[in-house]
Amino acid sequence: MVIVARYNIILNEIRKFLIESKETHNCPVCDEPLSGYDTRQRHGKESDGSKKIYLIRRLRCSGCNRIHTELPDFLVPRKHYVAEVIESQLDGASDDCPADNSTIQRWLNRFKVIAIQIEGMLRQLWMVEHKMLYPLSSSNSLLESIRRNGANWLTTVAQMIVNTGLWQPTQFACSP
């Protein structure tokens with residue numbers, strides 16, 4: 001009886017965090033429409049150290065039958081901590097982080113390694129948008145420009161790279 005009651009409490013908490021977009025989506029592989037398939041649980045560790053469980057949708061492509069996960073803005077692909085926590089550590093904006101020092105150091109080291117790749121992807125997106133080459137003489141980093149524009153830069157960069165198909169699943173999430 002106690003187990004059933006505990007299970008009901010957990011189910012009620014999960015329902016509070018059902019994440020569902022109202023947007024229509026197309027497959028990043030073949031550009032065919034995506035439709036609802038099922039949901040899966042995704043954990044997100046918050047800045048206060050609490051762990052929340054979110055139910056996020058998985059979508060199936062009507063063309064290639066691949067399954068894609070619809071990730072909300074505040075979660076970063078392949079990371080357990082929410083974007084706000086990771087971003088504050090990459091910016092050095094917070095001394096209070098629930099992650100242990102080795103996790104923070106991995107984030108920092110990996111970001112240094114892939115910052116050049118991210119810059120290249122952002123320049124490629126810029127060239128597609130503006131239909132001209134990004135000025136080679138420009139010393140302005142697109143990544144640094146986005147970072148200077150304020151909070152949520154990590155989410156912005158991750159969305160731009162993931163939604164245009166440039167995301168490499170094995171890379172640091174953003175950390176694309």
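Could you sort 99-110, 51-62 so that the peptide with the highest average Cβ count within 10 Å comes first and the rest follow in order? Write out the running numbers ahead of the final one.
Values: 99-110: 13.5, 51-62: 16.5.
In decreasing order of mean packing, 99-110, 51-62 become 51-62, 99-110.
Please list the non-local residues whose amide H lies under 5 Å from the amide H of L71, H modeled 1.01 Å from N, same-chain partners needing a gap of 5 or more.
none
Pull up all non-local amide H partners of H25: gap of 5 or more, or a different chain, and H-to-H distance under 5 Å with H placed in the peptide plane.
Those qualifying (amide H under 5 Å, at least 5 residues apart or on another chain) are L34.
Enumerate the calculated ³J(HN,Hα) couplings along region 51-66 in order (Karplus 6.51 cos²θ - 1.76 cosθ + 1.60, θ = phi - 60°), each rounded to whole Hz, writing x wherever the residue is Gly or Pro.
Rounded to whole hertz, the list is 10, 10, 10, 10, 9, 10, 6, 10, 10, 9, 7, 6, x, 9, 6, 6.
Quick query: amide H of R66 versus all other amide H atoms, modeled in the peptide plane; which residues come in under 5 Å with a sequence gap of 5 or more or a different chain?
C61
Neighbouring Cβ atoms within 10 Å as the yardstick, rank K131, K112, K79, K45 fewest first.
Numbers: K131 6, K112 11, K79 20, K45 16.
Ascending Cβ contact count within 10 Å gives the list K131, K112, K45, K79.
In this model, which of K52/K79; K79/K112; K51/K112; K51/K79 are farther than 24 Å apart at the alpha-carbon?
Numbers: K52/K79 13 Å; K79/K112 17 Å; K51/K112 27 Å; K51/K79 13 Å.
Over 24 Å apart, Cα to Cα: K51/K112.
Every number here is computed from the coordinates shown, using simple stated rules; none is lab data. Here the structure is a predicted model, which means the values were calculated and not measured. Cβ sites come from the backbone with ideal geometry, for glycine too, and all protein chains shown count toward neighbours.
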